[in-house]
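Heads up, the thing below is written out as structure tokens.
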Amino acid sequence: MANERGNVNVAVLGMGTVGQGVASLLLRQKDFWRERLGYELTLRRILEKYPDKTLDFDREGVPISADWRDVVDDPEVQIVVETMGGIEPAKTFILEALRRGKHVVTANKDLLALHGRELFAAASERGADLYFEASVAGAVPVLCALRQNLIAEPLTDVIGIVNGTTNYILTRMAAEGGEFGEILADAQKLGYAEFNPASDVEGIDAGRKAAILSMLSFNSQVTLDDVYVEGITGITREDIAFADQMGFAVKLLAVCREREGKIEARVHPALLPKGHPLAGVGDTFNAVLIKGESLGEVMLYGRGAGRFPTASAILGDVSEIARNIRFGCCGRLNQVFDRLKPVMPIDEIKTRFFLRLLLADRPGVLAQITKTLGKHEVSLDTVRQTDLKDGDAELVFITHIAREGDMRQALKEMGELEVTKEIITVLRVEGVA
Ligand code: HSE
């Protein structure tokens, strides 16, 4: 219940960049919420491992503690916001808060992508709210759309650019013709990429978000381990230049689909036709394109990271839970995800492919390549001879839709042909029927 003044008390766990954003907005926007919501959201407690840490806002005397029990055992705290990140101790704190009847808001995609089902079940058991809008695409209200507005819609495709770091790097590689390594180093200097960028550039961060999106979109348990993940570290300036010449942009995509009762959940770089709505999403922006049987297409676009965009998503969740508390309807969005639709092995997916091959430049070579592809049911859409190097020819192909397992077999056999000098690049092509 809301307390006697009708206010709702909130605690924030972890004073990192986002936690400080949430806490400072809770203090700063009090009057705004009183006007808009009709009651106050009160910052009641802060948990921080180093309580002497210098904060970059005035906490106005709100108690700060290093012991989680001070926060979670406080009967006045109704909503716990977890902004610590990582698996433990965040998982324990969230479960303990739910056990004590608190509602929880978290931005923790690492945790949800591995233990989402357990956390959702714990919230359901207690009739508590567990909201997590900021875990995917930051300020872009995609989870709210999936959990509420689109709940009646049989969704078929949810395709997103959900990692700002990689989108920034790919956007600059395309604009400047730069190589991955040099642009990554510059992005680190400018603060657009982490000191340790592995989880971003290797696609793991987007993989976690794909797991969460798949779970909500297709109402089935999907974890990071189920998601096929490839990052962007192998993308070269030549790949981007050839794609560009052929009318495509290269993007890191999270592709979540349901086809005939099976889920596709994969993250990898892909070519998108330049006219595709996701192709123009540049810099650090995120966007998610959702397709449904009756809905057609919807695209949501905005800031996927950063202190205040993330804090904004978290505070939207806090306000929504506060409203649920006041109207006595907590737990209304809980889903348990008991159904286990199979996740398709990557070999079974069907897509088009973009291939760059270095081949001997002599009569009959193309015939050998097309014969090998044809043997595995892979048919060519476009072929382009791009360059001549020391008597060899570089060819770029785009195939029609093929089964990935067949493509892999064909590539293996093409790699063994005497005429094949190098299989330079293999990328998937999305957004073309
Ligand atoms: N590192 C992420 C990104 C933001 O670059 O989009 C947090 O999920």
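The values are calculated or read from the model by the stated rules, or taken from the named source; none is laboratory data. Everything numeric in this text was worked out from a predicted model, so none of it was measured. Don't worry about glycine lacking a Cβ; one is built from the backbone with ideal geometry, like all the others, and counts go over all protein chains shown.
For the reader, a short list of remarks on this structure follows.
- Only one of the listed residues (Ala121, Ala139, Ala97, Ala134) is within 13 Å of the ligand (Cβ to nearest atom) and part of a helix (DSSP H, G or I). That residue is Ala134.
- Enumeration of residues in the stretch 131-160 that are under 23 Å from Thr284 (Cα atoms) and not aliphatic (A, V, I, L, M): Phe132, Glu133, Ser135, Gly138, Pro141, Cys144, Asp157, Gly160
- The single condition from (1) part of a loop (DSSP other than H, G, I, E, B); (2) under 20 Å from Leu41 (Cβ atoms) that Asp317 fails is (1).
- Ser214 vs. criteria away from the ligand (no atom under 12 Å from the Cβ), within 15 Å of the chain's Cα centre (by Cα) and assigned by TED's automatic domain parsing to the domain that holds Lys291: yes
- Of all residues making up the stretch 253-267, the number that are more than 16 Å from the ligand (Cβ to nearest atom) and within 15 Å of the chain's Cα centre (by Cα): 6
- Residues that are aliphatic (A, V, I, L, M) and at pLDDT below 95 within the stretch 266-294 are absent altogether.
- Lone qualifier among Ala174, Ala193, Ala185, Ala206 - being part of a helix (DSSP H, G or I), within 12 Å of the ligand (Cβ to nearest atom) and of a type in the set (A, V, I, L, M): Ala206
- All conditions but one from (1) without any contact (Cβ under 8 Å) to a residue 12 or more places away in the chain; (2) under 30 Å from Ala393 (Cβ atoms) apply to Leu355; the one that does not is (1).
- For the stretch 145-164, the condition holds for at least one residue, the condition being that it is within 16 Å of the ligand (Cβ to nearest atom), outside any helix (DSSP H, G or I), among the aliphatic types (A, V, I, L, M) and touching a Lys or Arg at 6+ places or on another chain (Cβ under 6 Å).
- Pairs with Cβ under 6 Å, 6+ apart, first in the stretch 256-279 and closer than 14 Å to Asn167 by Cβ, second of a type in the set (Gly, Ala, Ser) and in a strand (DSSP E or B): Val267/Ala254; Leu272/Ala249; Leu278/Ala287; Ala279/Ala249
- All positions within the stretch 346-396 that are assigned to a strand (DSSP E or B) and β-branched (Val, Ile, Thr): Thr351, Thr382, Val383, Thr386, Val396
- Test: residue in the stretch 255-265 that is assigned to a strand (DSSP E or B) and modelled with pLDDT under 95: yes
Results for (1) among the small types (Gly, Ala, Ser); (2) within 21 Å of Leu26 (Cα to Cα), shown as yes or no for each residue.
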residue: Thr83; (1), (2): no, yes
residue: Ile94; (1), (2): no, yes
residue: Lys109; (1), (2): no, no
residue: Ala113; (1), (2): yes, no
residue: Leu119; (1), (2): no, no
residue: Ser124; (1), (2): yes, no
residue: Leu130; (1), (2): no, yes
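- Looking across the stretch 100-118, the residues that are part of a helix (DSSP H, G or I) and either of a type in the set (A, V, I, L, M, F, W, C) or more than 13 Å from the ligand (Cβ to nearest atom) (or both) come down to Leu111, Leu112, Ala113, Leu114, His115, Gly116, Arg117, Glu118.
- Some residue of the stretch 274-284 being outside any loop (DSSP other than H, G, I, E, B) and more than 16 Å from the ligand (Cβ to nearest atom): no
- Only one entry of Leu111, Leu146, Leu130, Leu98 meets the criterion of being surrounded by 18 or more Cβ atoms within 10 Å (Cβ to Cβ), at pLDDT 95 or above, in the same structural domain as Val288 (by TED's automatic domain parsing) and not small (Gly, Ala, Ser), and that entry is Leu146.
- Search result, residues across the stretch 259-292 that are touching a Lys or Arg at 6+ places or on another chain (Cβ under 7 Å), under 13 Å from Leu155 (Cα atoms) and buried (at least 17 other Cβ atoms within 10 Å of the Cβ): Ile263, Glu264
- Against the test of being under 33 Å from the mean Cα position of the chain (by Cα), under 23 Å from Lys274 (Cα atoms) and of a type in the set (A, V, I, L, M), the options Leu333, Leu427, Leu411 yield a single qualifying residue, Leu427.
- Sole exception among (1) surrounded by fewer than 21 Cβ atoms within 10 Å (Cβ to Cβ); (2) within 21 Å of Lys91 (Cα to Cα) for Val10, by number: (1)
- The lone exception for Leu190 - which of (1) surrounded by fewer than 20 Cβ atoms within 10 Å (Cβ to Cβ); (2) in contact (Cβ under 8 Å) with a residue 12 or more places away in the chain it fails: (2)
- Residue count for the stretch 285-314, restricted to those that are under 30 Å from Ala23 (Cβ atoms) and either aromatic (Phe, Trp, Tyr) or not in a helix (DSSP H, G or I) (or both): 12
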